[in-house]
Amino acid sequence: MLNILFSCAGRRTYLLKYFKEQLSDAGLIVATDMQLTAPALTVADIKIQVPAVYDDGYIDCMLDICRRHDIKAVICLNDLELPILSKEKARFEAIGVKVIVSDPEIIDICFDKYRTARYVESIGLDTPMTFVNYGEAVAAIRSGKLKFPIVLKPRWGSGSIGIEFVNDMEELEETYGMLIKKVKKSILANASKGDEFILIQQKIDGQEYGLDVMNDLSGRHRAVSVKKKLAMRAGETDKAQTVDNADIRSIGHTLGKSLSHIGNLDVDVFEKDGKYFVLELNPRFGGGFPFSYEAGANLPGAIIEWLKGNDVDDDMLQPNYNETYAKCDYLVKI
């Protein structure tokens with residue numbers, strides 16, 4: 001049996017359904033969360049409540065679950081858990097469990113948004129002007145190099161937590177101080193390091209795209225799905241259309257080959273005046289993945305085949321173009 005464990009399942013009901021569809025009778029879906037009321041647990045064959053990811057006993061608890069339920073692979077759905085699981089992969093592999101999470105260096109490049117910006121530039125792609133030193137950012141504003149409006153957000157962030165837009169120096173000073181306090185009081189405090197944990201970044205106004213950059217379990221690049229975002233809700237893609245854009249696909253190919261991440265890489269790209277800016281790299285399944293899957297990019301099926309030791313044709317990961325989808329809310333009994 002190919003039993004797969006989804007950690008920090010949360011609201012990702014659709015993703016567990018996709019893997020369940022592809023697994024059929026070949027295995028079980030096991031899901032964990034801090035709360036048994038997490039909606040995605042309703043899809044799982046086995047649901048288990050676990051401690052917080054920062055709890056000292058968290059990894060031992062997950063290893064015990066893997067042993068008890070004959071887990072063959074773990075898929076992480078939470079940004080804050082990624083670096084924790086990444087560092088402990090050897091302990092899972094020692095009991096025959098494949099952790100579908102990239103290595104620590106890759107996770108750090110993606111999780112640290114300042115490192116993300118520097119990395120994107122280092123491989124020849126464009127990214128918004130980015131600072132973590134407040135004094136340097138103010139100097140850039142006064143010299144005219146950085147112009148309002150600008151974006152403030154946690155350097156080690158998750159979702160849309162703590163994102164603020166400011167339009168003048170007075171707003172910048174007030175919001176910067178407020179955001180420091182906000183991060184220190186939030187769950188992000190555990191992930192934030194040093195004193196420079198607030199990002200100050202050029203705001204790009206333009207069309208937003210989401211990419212699913214798909215690599216296999218050895219980090220070999222396989223495919224890219226590009227989606228034009230039509231609407232957002234609470235920091236996630238709410239409506240989107242798959243598009244045939246060779247320029248943006250090329251950005252995805254560059255990232256996939258250079259980064260050599262494992263599994264999916266969720267990427268945010270903005271287009272302004274014919275120029276493309278890479279904003280975010282999230283080395284996991286993101287909220288925009290359903291738009292790729294529904295259009296035919298069957299990464300869950302490919303992952304299952306790779307776990308079985310089989311290869312797949314890259315056509316399995318190609319979406320149909322010009323397909324438009326929208327998310328909607330529905331109730332599940334918990």
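The values are calculated or read from the model by the stated rules, or taken from the named source; none is laboratory data. Note that this is a predicted model, so its numbers are computed, not measured. Here the Cβ is made from the backbone with ideal geometry for all residues, glycine too, and neighbour counts use every protein chain on show. For accessibility, only protein heavy atoms count, side chains too; no ligands or nucleic acids. Shrake-Rupley method; radii C 1.70, N 1.55, O 1.52, S 1.80 Å.
Residues of segment 106-157 that are open to solvent by less than 20 Å² (accessible area, probe 1.4 Å) and more than 22 Å from the chain's Cα centre (by Cα): 137, 138, 140, 146, 150. When 254, 237 are checked against the criterion of being in a strand (DSSP E or B), of a type outside the set (A, V, I, L, M, F, W, C) and either touching a residue at least 24 places away in the same chain (Cβ under 8 Å) or out of contact with any Ser or Thr (no Cβ under 6 Å at 6 or more places or on another chain) (or both), a single residue qualifies: 237. Just one of (1) buried (at least 20 other Cβ atoms within 10 Å of the Cβ); (2) within 20 Å of the chain's Cα centre (by Cα) fails for residue 87. It is (1).
Of the residues in segment 194-209, not one is free of Cβ contacts under 8 Å to residues at least 40 places away in the same chain, open to solvent by less than 50 Å² (accessible area, probe 1.4 Å) and closer than 30 Å to residue 258 by Cα.
Within segment 83-109, the only residue that satisfies the criterion of being among the basic types (Lys, Arg) and not in a helix (DSSP H, G or I) is 98. Scanning segment 1-53 for residues that are assigned to a loop (DSSP other than H, G, I, E, B) and of a type in the set (Gly, Ala, Ser) turns up 9, 10, 24, 26, 27, 38, 44, 52.
Residue count for segment 285-332 under the criterion of being open to solvent by less than 70 Å² (accessible area, probe 1.4 Å), at pLDDT 95 or above and among the β-branched types (Val, Ile, Thr): the result is 3. Is it true that residue 75 is among the β-branched types (Val, Ile, Thr) and more than 22 Å from the chain's Cα centre (by Cα)? No; evaluated as a whole, the condition is false for this residue.
Only residues that are under 15 Å from residue 284 (Cβ atoms) and in contact with a strand residue (DSSP E or B) (Cβ under 9 Å, 6 or more places away or on another chain) were counted in segment 52-83, giving 10. Inside segment 210-220, residues that are free of Cβ contacts under 8 Å to residues at least 60 places away in the same chain and either among the aromatic types (Phe, Trp, Tyr) or open to solvent by less than 30 Å² (accessible area, probe 1.4 Å) (or both) make up a count of 3. For segment 284-334, a tally of residues being under 17 Å from residue 13 (Cβ atoms), over 19 Å from the mean Cα position of the chain (by Cα) and among the hydrophobic types (A, V, I, L, M, F, W, C) returns 5.
Of everything in segment 36-51 that's in contact with a strand residue (DSSP E or B) (Cβ under 6 Å, 6 or more places away or on another chain) and touching a residue at least 60 places away in the same chain (Cβ under 8 Å), which residue is farthest from residue 188 (Cα to Cα)? Within segment 36-51, the match that is farthest from residue 188 (Cα to Cα) is 41. Residue pairs whose Cβ atoms lie under 7 Å apart, sitting 6 or more positions apart in sequence or on different chains, and linking a residue in segment 1-13 that is in contact (Cβ under 8 Å) with a residue 60 or more places away in the chain and closer than 16 Å to residue 50 by Cα to a partner that is of a type in the set (D, E, K, R) and assigned to a strand (DSSP E or B), are 8/33; 9/33; 10/33.
Is at least one residue of segment 184-199 of a type in the set (Asp, Glu) and more than 23 Å from the chain's Cα centre (by Cα)? Yes, that holds for at least one residue. Residues in segment 257-271 that are part of a helix (DSSP H, G or I) and touching a residue at least 60 places away in the same chain (Cβ under 8 Å) were compared, and the one that is nearest to the chain's Cα centre (by Cα) is 259.
The number of residues in segment 16-51 that are closer than 24 Å to residue 287 by Cβ and loosely packed, with under 14 Cβ neighbours inside 10 Å comes to 5. Quick check on segment 95-112. Is at least one of its residues over 24 Å from residue 15 (Cβ atoms) and touching a residue at least 40 places away in the same chain (Cβ under 8 Å)? Taking every residue of segment 95-112 in turn, at least one turns out to be over 24 Å from residue 15 (Cβ atoms) and touching a residue at least 40 places away in the same chain (Cβ under 8 Å).
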